[in-house]
Amino acid sequence: MEVALKMAFQYWKHKGEPNKTKFVYLQNGYHGDTLGAVSVGGIDLFHSTFKPLLFESYEAPSYYCYRCPLNKTYPSCDLACAGGLDQILAEHNDEIAAVIMEPYVQAAGGMIVSPEGYLARVRESCDRHNVLLILDEVATGFGRTGSMFACEHEDVTPDMLVLGKGLTGGYLPLSATITTQEIYDAFLGDYEEFKTFFHGHSYAGNPVSCAASMGNLEAFENYNTLSELQDKIEFLEEELKEFSGLKHVGNVRNKGFMVGVELVEDKETKEPYAPEAKMGWRVADRAMEDGVLLRPLGNVVVLMPPVGIPKEDLKKLVRVTYNSIKEVTDNYQS
Ligand SMILES: Cc1ncc(COP(=O)(O)O)c(C=O)c1O
């Protein structure tokens, strides 16, 4: 993410537009814990402490339909959230270098799933206002949403694509920031022009991590991971239907293998459980007793199984999660 931010900034300098130095991010977005990434982070819990250290950015509305920040209702909202972002670009495009967002699912923000058409609208806005689009597929990449990359669902090509996590199947640390020929070419010049992108780390391009990544990509091909996944996604979606019937499940959302089950104190009013209830953790602790490891995000129970999970394990994951939510929420007294 740091590479993407710096590269976008320097790109505009090379293009003779040095005023384009700002970024737009989405509410509830998460891009990592380093200061550049935190400056474009939209989760107060993680980011507000560091505010004095951060550079100023523009915040656009999240695509969080269940708790719409614009109080609209999908689909009659006509993607008002994308309209909100477009308005920021219309007013400030002369100083904006790039929009940065997680395509289709805001992961750490609570497994928030974007409405269809949103991503394509953002791409169109960025093009119209001469602003780059940086897509953070650190969480959504490598099959998690059902296609290799989430941006493929809407045929969107970003100006920069940021990858991590699943790039090595999680075996070793490695990330990559990929860009277009157009941006690459802007950094070319004679030696003494010093157009170089000066950014490096001791372990950049680590050959052992790269070998793990190559192995992972081979496994995708050899085991037909993506095509095998489709059947498992269908199964998962069928099983998830039952969750909505539970008394304290306010919203069930997923894109492929990225699932968020939002627990609420009151389904009618969408009143969340108070933080003291630690409801997500209560459910996770109960699931652990039955051999399932969950990591909640506040009141959102997260399922994000490995793409190669056998169907039997997937079945167990869903069953144990359902039973844990039911038992814990039925028995909880605030
Ligand atoms: C969407 C997204 N972007 C960026 C990051 C940060 O990645 P890293 O921890 O490799 O810096 C994460 C980590 O959870 C993430 O989910």
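Net length available on complete extension from Leu217 to Asn71 is 48.4 nm, with 0.36 nm assigned per residue and the Cα-Cα distance removed. Take the Cα of Trp281, step 7 Å toward its Cβ, do the same at Asn224, and the gap between the two points is 4.4 nm. Put +1 on the Cβ of every Lys and Arg and -1 on every Asp and Glu Cβ in the chain; which of Thr269, Gly110, Tyr332 then has its Cα farthest towards the positive end of the dipole? Farthest along the dipole direction, towards plus: Tyr332.
To test your reading of the geometry: what angle, between 0 and 90 degrees and rounded to tens, separates the Cα axis of helix 207-222 from the longest principal axis of the chain? Value to nearest ten degrees: 60. Split the accessible area of the range 1-96 by element, probe 1.4 Å, and carbon with sulfur accounts for 51%.
Residues in the chain average 50 Å² of solvent-accessible surface per residue, probe 1.4 Å, ligands and nucleic acids excluded. Among 53-60, 215-222, sorting by the average number of other beta carbon atoms lying within 10 angstrom of each residue, highest first, gives 53-60, 215-222. Farthest toward the positive end of the dipole of the range 158-270, out of Gly205, Leu163, Phe243, is the Cα of Phe243, where the dipole comes from beta carbon charges about the Cα centre. In the range 236-326, the portion of solvent-accessible area held by carbon and sulfur atoms comes to 51 percent [1.4 Å probe, whole percent, DNA, RNA and ligands not counted]. Rounded to the nearest angstrom and listed largest first, the equivalent-ellipsoid semi-axes of the range 1-112 from its Cα gyration tensor are 24, 18, 11. Extending 7 Å from the Cα toward the beta-carbon at both Lys195 and Lys311 defines two label points whose distance is 5.5 nm. What the pair-distance distribution of the chain shows, using all Cα-Cα distances binned every 10 Å from zero, is 5, 24, 32, 25, 11, 3, 0, 0 percent. Straight-line reach from Lys247: taking Cα to Cα under 17 Å and skipping same-chain neighbours fewer than 8 places apart, the lysines in range are Lys267, Lys270, Lys326.
For the chain, the longest principal axis of the alpha carbon atoms and the long axis of helix 311-331 meet at an angle near 70°.
The values are calculated or read from the model by the stated rules, or taken from the named source; none is laboratory data. Everything numeric here is computed off the predicted structure, so don't read it as measured data. Methodologically, a virtual Cβ is constructed for each residue, glycine included, from the backbone with ideal geometry; neighbour enumeration extends over all protein chains shown. Just so you know, the surface numbers come from the protein's heavy atoms only, side chains and all, with ligands and any DNA or RNA stripped out. Shrake-Rupley method; radii C 1.70, N 1.55, O 1.52, S 1.80 Å.
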